[in-house]
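The structure appears right after this line, and notes come after that.
The values are calculated or read from the model by the stated rules, or taken from the named source; none is laboratory data. A quick note: this is a predicted structure, and the numbers were derived from the prediction, not measured. Cβ placement follows ideal geometry from the backbone for every residue including glycine, while neighbour counts extend to all protein chains displayed. Just the protein is used for accessible areas: all its heavy atoms, side chains included, with ligands, DNA and RNA removed. Shrake-Rupley method; radii C 1.70, N 1.55, O 1.52, S 1.80 Å.
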Amino acid sequence: MVIKPKIRGFICTTAHPVGCAKHVEEQVEYVKHQPKFDGAKKVLVIGSSTGYGLASRIAAAFGGGADTIGVCFEKPASDNRTATAGWYNTVAFEELAKKEGLFAATVNGDAFSDEIKAQVIDLIRAHMGQVDLVVYSLASPRRTHPRTGETFSSVIKPVGDPFHSKTIDVNSGKVSEVTILPATEEEIRNTVAVMGGEDWEMWIDALREADVLAANATTVAYSYIGPELTFSIYREGTIGQAKNDLEATAKRLNEKLSVTGGRAFVSVNKAVVTQSSSAIPVVPLYISILFKVMKEQGLHEGCIEQMYRMYADRLYIGTAAPTDDRGRIRLDDLEMRPDVQDTVMRGWDEIDESNLFDLSDLAGYRSDFLQLFGFGIEGVDYEADVNPDVPMAEAGSTK
Ligand code: NAD
């Protein structure tokens, strides 16, 4: 079939297998051209198929020579539907890793469940013995609690007062005002249950109990802070409450793991275009302006540059990882530089539909968004007939 993008709001319901594979290959090539680092050799990435998790897996494998196990929640092709981008990304990653002589297996299923945790533990036992790095990079709209069976849905809302701001419809380029009403207590609790640290801690506890976590293992989960203009909707909103919980979990995990030489961190990453960030109101307009400023200043980074830097310049430098005063790794250092933020804020105040393409990199945002689904990648023939039904290697797939 000839596969074209079908965009519905902030998602694309199709993905291109050849484009996704090429996109993964480009990230692999980027890492291969950087100096190698002496990092973890047996790595588990939870949320491994897209965005920051995929980049974490690629950088660990091709920059540090690591065997990897990934966990993701992706759909294969069916009837006349393509598979999800994360499915194609995973197939492409495994192929490239195996070519390099690295072990790579992926468990496709609900990471929040006890069943998937048990399956991963069996896989580690069979192929790795123990893991020495666990990356936790899930972004999910819902979670079913493995003990109570309760299903929580996360929301992106302010806490306390309504939030009023400029926003953009990325597809039409329409800039408008949006008001988002504050979350209820129940919605805050649900969002923390989905995106907070409880499941991360369950993973680490399960791996330790099964003795498949190395004594000196590192674990890292991802967070975001961003500028004041997004505080109400992000850092001080429902998702920010979940990130506070994630950071408190990192402290607790660090206390547990450091007894045997292990460590736990939250890494604060920069704003990038991913399937998750495109769903947050206001953030796409901020990202479009940020990209323009960072590209002009030669500071622009995507997921792969950030994740390579996390290993090579933070986690595996041979001494203690540099952190802020709250123990967090900061990869948002360039985004938060005062000169970058001052220019972004001036753009934010002035931007409207008349100057959109002068003050923002909306074109770059749109292009990154399409690339998430394998579209707009150089060298791919989008008129060619391709088979969307690409199998994922047997060892990993649960479906
Ligand atoms: P993403 O949507 O690209 O990736 C989410 C991953 O989680 C995918 O691999 C998906 O398959 C997996 N997943 C979702 N539900 C699952 C489930 N139930 N079981 C197994 N796997 C599941 O998201 P992302 O933007 O890369 O976000 C990853 C982390 O990085 C999040 O904690 C996010 O808050 C953080 N972060 C993102 C940004 C940003 O700008 N995108 C910035 C800083 C921090």
**Study point:** Residues located in segment 209-228, provided they are within 15 Å of the ligand (Cβ to nearest atom) and not small (G, A, S)
**Key:** T219, V220, Y222, Y224, I225, P227
Review point. Does segment 241-259 include one or more residues that are within 20 Å of V43 (Cα to Cα), free of Cβ contacts under 8 Å to residues at least 12 places away in the same chain and out of contact with any Cys (no Cβ under 6 Å at 6 or more places or on another chain)?
Key: yes
Check your understanding: Just wondering, is there one or more residues in segment 165-184 that are over 30 Å from S354 (Cβ atoms) and either among the charged types (D, E, K, R) or touching a helix residue (DSSP H, G or I) at 6+ places or on another chain (Cβ under 6 Å) (or both)?
Key -> yes
Check your understanding: If you scan segment 1-29, which residues turn out to be basic (K, R) and not in a loop (DSSP other than H, G, I, E, B)?
Key -> R8, K22
Exercise for review: Report the residue count in segment 92-102 for those that are open to solvent by 20 Å² or more (accessible area, probe 1.4 Å) and over 12 Å from F62 (Cα atoms).
Suggested key: 1
Practice item. Name every residue in segment 42-83 that is without any contact (Cβ under 8 Å) to a residue 40 or more places away in the chain and either within 15 Å of E25 (Cα to Cα) or more than 9 Å from the ligand (Cβ to nearest atom) (or both), in order of residue number. Key: F62, G65, T68, K75, S78, D79
Review point. Could we say that A271 is open to solvent by less than 20 Å² (accessible area, probe 1.4 Å), under 21 Å from the mean Cα position of the chain (by Cα) and either over 27 Å from F10 (Cβ atoms) or not aliphatic (A, V, I, L, M) (or both) here?
Key: no
Study note, to complete from the structure: Listed by first then second residue, the pairs whose first member lies in segment 95-119 and is of a type in the set (V, I, T), whose partner is within 15 Å of the ligand (Cβ to nearest atom) and in a helix (DSSP H, G or I), with beta carbons under 7 Å and at least 6 positions apart or on separate chains, are T106/T90; T106/E94; V107/I116; V107/Q119; V107/V120; V107/L123
Review point. Does D211 meet the test of being touching a residue at least 12 places away in the same chain (Cβ under 8 Å) and open to solvent by 40 Å² or more (accessible area, probe 1.4 Å)?
Key: yes
Point to revise | Residue that is farthest from the ligand (Cβ to nearest atom), among those in segment 246-284 that are within 26 Å of S165 (Cα to Cα) and in a helix (DSSP H, G or I) | key: P284
Check your understanding: Restricting the first residue to segment 330-348 and requiring it to be over 26 Å from D313 (Cα atoms) and among the aromatic types (F, W, Y), which pairs with a second residue that is open to solvent by less than 60 Å² (accessible area, probe 1.4 Å) and in a helix (DSSP H, G or I) meet a Cβ separation below 8 Å and a spacing of at least six or different chains?
Key -> W348/L229; W348/L285; W348/Y286; W348/I289
Review point. Residue check: is T90 of a type in the set (V, I, T) and within 15 Å of the ligand (Cβ to nearest atom)?
Key: yes
Practice item. Kindly check whether there is at least one residue in segment 219-236 that is modelled with pLDDT of 95 or more and open to solvent by 60 Å² or more (accessible area, probe 1.4 Å). Key: yes
**Study point:** Residues of segment 93-111 satisfying the condition of being closer than 12 Å to C72 by Cα and within 12 Å of the ligand (Cβ to nearest atom)
**Key:** T106, V107, N108, G109, D110, A111
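Scan T230, T238 and give me the residue that is within 26 Å of D110 (Cβ to Cβ), β-branched (V, I, T) and in contact (Cβ under 8 Å) with a residue 24 or more places away in the chain. Talk me through it step by step, then tell me what you get.
Details: T230 fails: within 26 Å of D110 (Cβ to Cβ).
The match here is T238.
Table: residues versus (1) within 16 Å of the ligand (Cβ to nearest atom); (2) over 26 Å from I11 (Cα atoms); (3) surrounded by fewer than 18 Cβ atoms within 10 Å (Cβ to Cβ).
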| site | (1), (2), (3) |
| --- | --- |
| D132 | no, yes, no |
| S137 | yes, no, no |
| R143 | yes, no, no |
| T148 | no, yes, yes |
| T151 | yes, no, yes |
| P158 | no, no, no |
| H164 | no, no, yes |
| D169 | no, no, yes |
| G173 | no, no, yes |
Review point. Does I124 qualify as being assigned to a helix (DSSP H, G or I), in contact with a Ser or Thr (Cβ under 8 Å, 6 or more places away or on another chain), among the β-branched types (V, I, T) and farther than 24 Å from N269 by Cβ?
Key: no
